[in-house]
């Protein structure tokens, strides 16, 4: 079963790449725009740390590690999650979701892998460059254990990001337009570029437990730097699995509400 879905994923990836390469000028332009946004993302961090050596206990290069995780996840969001899950909204509006449901595979998997933006892979490369520069300037070489924990938290972060987006998309089964929700979530996610300890009071609670930005970027960075408590890491993984379960349950309920275009 796993092998079958892996092969299906590769087919979807090849189809997205082939579609993107049909318009090579657009492919190159989109890649250049991605590089521009990567450079622009660093501007607020550079400006803030120009006047202060530390913010909420984080030095510039420590915060740069968080920025690297943010860049990596944003590449995942805009390259693998957004393109496919935004398209499902149109499927629901027009009734063409019927064609997905008729295929002999899980509908959530099919809609989640229907479309990719290949040029966003540049974000991942950029994130690795930023991370390497930050660790070199810090003089810190992560141990194998730290790398392993950071890798597990990266998977948990991707799962949290995907689960939240599934929950947002499921709202399309009840409401007509989701544009405002999409923009709102994207705007909130931009706050993940900052360490979670920068926020105070209600904002800290919001970005830790309700919209877990800390789980997405700060905790993996802390794991790589060797400053994350093991229980916090475990709680993050458990929370990611629970959120994924909630999103799966919500998806199944939403599918039960869907009215076929042929009915």
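Quick note: the coordinates plus some simple rules give every number you see, no bench work behind them. Bear in mind the structure is a predicted one, so any value in this text is a computation, not a measurement. Positions of Cβ are backbone-derived with ideal geometry, glycine not excepted, and every protein chain shown enters the neighbour counts.
Overview of results
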item: The range 112-257: Rg to Rh, with Rh as the Kirkwood radius over Cα pairs; result: 1.00
item: Length added when fully stretched, residue 10-residue 200, from 0.36 nm per residue minus Cα-Cα; result: 64.1 nm
item: Hull shadow area, averaged, the chain [alpha-carbon convex hull, nm²]; result: 15.6
item: Choice from 75, 201, 151 with maximal GNM fluctuation in the chain (Cα, 10 Å cutoff); result: 201
item: Most mobile of 207, 199, 116 in a GNM of the chain (Cα contacts under 10 Å); result: 199
item: With Cα atoms, 0 to 90° folded angle of helix 24-49 axis to the chain main axis; result: 40
item: Packing-based order for 240-246, 6-12, using average beta carbon neighbours within 10 Å, highest first; result: 240-246, 6-12
item: Nearest-0.05 FRET efficiency for residue 129 and residue 32, computed from C-beta distance (R0 25 Å); result: 0.90
item: Residue among 165, 69, 231 with the largest mean-square fluctuation in a Gaussian network model of the chain, springs linking Cα atoms under 10 Å; result: 231
item: Cβ-derived FRET efficiency at R0 35 Å, residue 147 paired with residue 40, nearest 0.05; result: 0.75
item: Whole-angstrom gap from the range 185-223 to the range 91-144, using each part's C-alpha centre; result: 20
item: Stretchable slack from residue 186 to residue 246, in nm (0.36 nm times residue separation minus alpha-carbon distance); result: 19.5 nm
item: On Cα atoms only, tilt of 60-76 relative to the major axis of the chain in degrees; result: 10
item: Angle in degrees between helix 2-21 and the longest Cα principal axis of the chain, rounded to the nearest 10; result: 90
item: Residues 210, 130, sorted so that the one with the fewest Cβ neighbours within 10 Å comes first; result: 210, 130
